[in-house]
Amino acid sequence: MANNRAISKAAFFKQIGYEPHPGQVEFHRSDARFRVAVCGRRYGKSHMAGKDLEPKLFLPNKMFWIVGPVYSLAEKEFRVIWQDLIINRKLGQDKTIKRAYSPKQGNMWIEFPWGTKLECKSADHSENLVGEGLDHVIMSEAAKHQLDTWERFIRPALADRRGSADFVTTPEGFNWLYDLWMLGHDPSVPEYASWSFPSWNNPSVYPGGEGDPEIKLLRRTMTPESFAQEIGADFGSFVGKIYPEWDISKHVKEIKFNPLWPNYIAFDFGYTNPLAAIEFQISPDDRVYIWREHYKSFTRVEDHCEQLKAREQPFGYHLDLAFGDAADPEAAATISQKLVPCYAMPEAKVNWREGIDLVRSFMEREEKEDEFGGPIYFPAIFVDFSCINTIREFNNYKSSNPPNGRNAPEKSLAQDDHAMDALRYALVHIYKLGATYHLSDVMDLNLEATRSSGEQYGGYDVEGASGYFTKSGQEF
């Protein structure tokens, strides 16, 4: 008989002879309410989710669902539970345990005499997803589900009982599930946990790990995009990706403002399209920390400046310099007058490819050698969880498709690139053009010629320049 005490997972797994591999152990140990496990093929995700639910089935008066995008896909986790409990543990001999196992007829469920029931459901029959209070749900092949299924039907049904959910799936690009997966990496949302488990982390299928001969063969014979998604459990693999090194698990983390480091803001000007203002700091070892963003359409530059100044600021806040697009000198001049001196040199956007290569150099930086003398790479650019638009653009930034029979143009696809342009302008200004000092200091050699011609650089009048801004890596 079941009781109100939770059964120890470790003890239960030992009793049924289940020995999870290390990645599965990490999942089983998590007590997060919502767990998102993005897995490569043959990782053992259905096995893992089904086994994890089994001890809960011995609690009284509970309602559990396995929801598939179509009914047949809910069968994978149900099969694991049926085999363990009904067959191996011989609960099928107990006539008080009612049950059915017919995927073709849409009839898979187990009802225990202590009032607990497990049912399989199909998202393509949404009328069957209404009216139940749920204690736990497995969203089988979660990436194939629609957001509507989760938000309209499943999530509200979990509210009354404070139910939980597991999302086990192979990724299918940056769809709705990606947003949930990102919550699992945000320390401010402890209710969520998330992982990326590549196929080669399953030692029973690939004992050689990433170097297993079968993994090597798959990598050699599949397209890079398919291998990354289906085997590597990579959300963001697609043809034409400009920053293939971008990895959310490495490059996105919580970032706190450091008053001892220089603080810059980078602009991509827009009105109908969003104006992107990306605020970042550079550490003494030349790592870039993007800690805040401003992203808004249909607003004048003057009003953007007022909104930026009105934000709540961290302790020791200072803003040292701005960078912008030379194609809009009037906007750069307004930034200089209303907010902070703004560089907007035409040279910063002459060579698009050079700027891309510069940003990519921060994605992976060789800093150490392994025991065999091979390189070890570490990221040198990071984005705070709050910068959702910057993260989205890094995820989706891609090149234009080539015309038939011609080379691809050296530029990005003209969409969702505002934060990317702003960051590129800024890093080129800083690392290629040396724009880390106040304008009057970097222009001493040409000061007289500039004064006589009345020219302005980036809308900032050199004649009236004053003050000093530190180079990257120096305290001030």
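The values are calculated or read from the model by the stated rules, or taken from the named source; none is laboratory data. Remember, predicted model here, so these are calculated numbers, not experimental data. Every residue, glycine among them, receives a Cβ derived from its backbone with ideal geometry; neighbour counts consider all protein chains shown. Keep in mind that these areas ignore ligands, DNA and RNA; they rest on the heavy atoms of the full protein, side chains included. Shrake-Rupley method; radii C 1.70, N 1.55, O 1.52, S 1.80 Å.
Odds and ends about this structure:
- Considering the stretch 161-273, the qualifying strands (runs of 3 or more DSSP E), each wholly inside and each with 3 or more residues that are open to solvent by less than 20 Å² (accessible area, probe 1.4 Å) and farther than 18 Å from Ser386 by Cβ, run over 164-169.
- Residues in the stretch 36-59 that are farther than 18 Å from Asn202 by Cβ and outside any helix (DSSP H, G or I): Val36, Leu59.
- In the stretch 91-111, residue least open to solvent (accessible area, probe 1.4 Å) [restricted to those that are out of contact with any Leu (no Cβ under 7 Å at 6 or more places or on another chain) and part of a loop (DSSP other than H, G, I, E, B)]: Gly106
- Leading residue by the ranking (farthest from Phe58 (Cα to Cα)) among those in the stretch 130-154 that are open to solvent by 10 Å² or more (accessible area, probe 1.4 Å) and among the small types (Gly, Ala, Ser): Gly131
- Residues in the stretch 314-371 that are of a type in the set (D, E, K, R), under 19 Å from Ile430 (Cα atoms) and in a helix (DSSP H, G or I): Glu347, Lys349, Arg353, Glu354, Asp357, Arg360.
- Across the stretch 34-65, the qualifying residues are those that are under 21 Å from Pro113 (Cβ atoms), in contact with a strand residue (DSSP E or B) (Cβ under 8 Å, 6 or more places away or on another chain) and of a type outside the set (Lys, Arg), and the one among them that is most open to solvent (accessible area, probe 1.4 Å) is Met63.
- Each residue in the stretch 75-87 was checked for being open to solvent by 60 Å² or more (accessible area, probe 1.4 Å) and within 18 Å of Lys56 (Cβ to Cβ), and 2 pass.
- For the stretch 158-203, a residue qualifies if it is modelled with pLDDT of 95 or more and in contact with a Leu (Cβ under 6 Å, 6 or more places away or on another chain), and the qualifying residues are Leu158, Gly163, Tyr192.
- Restricting the stretch 112-129 to residues that are open to solvent by less than 50 Å² (accessible area, probe 1.4 Å), in contact (Cβ under 8 Å) with a residue 40 or more places away in the chain and not in a strand (DSSP E or B), the residue that is nearest to Asp52 (Cα to Cα): Thr116
- Pairs with Cβ under 6 Å, 6+ apart, first in the stretch 135-158 and within 18 Å of Leu53 (Cβ to Cβ), second open to solvent by 10 Å² or more (accessible area, probe 1.4 Å) and among the acidic types (Asp, Glu): Ala157/Glu132
- Filter result for the condition that a residue is open to solvent by 30 Å² or more (accessible area, probe 1.4 Å), farther than 19 Å from Tyr397 by Cα and touching a strand residue (DSSP E or B) at 6+ places or on another chain (Cβ under 6 Å), over Glu312, Glu367: Glu367
- Test result for Phe323, open to solvent by 60 Å² or more (accessible area, probe 1.4 Å), among the hydrophobic types (A, V, I, L, M, F, W, C) and at pLDDT 95 or above: no
- Residues that are acidic (Asp, Glu), surrounded by fewer than 18 Cβ atoms within 10 Å (Cβ to Cβ) and modelled with pLDDT of 95 or more, drawn from the stretch 278-307: Glu302, Asp303, Glu306
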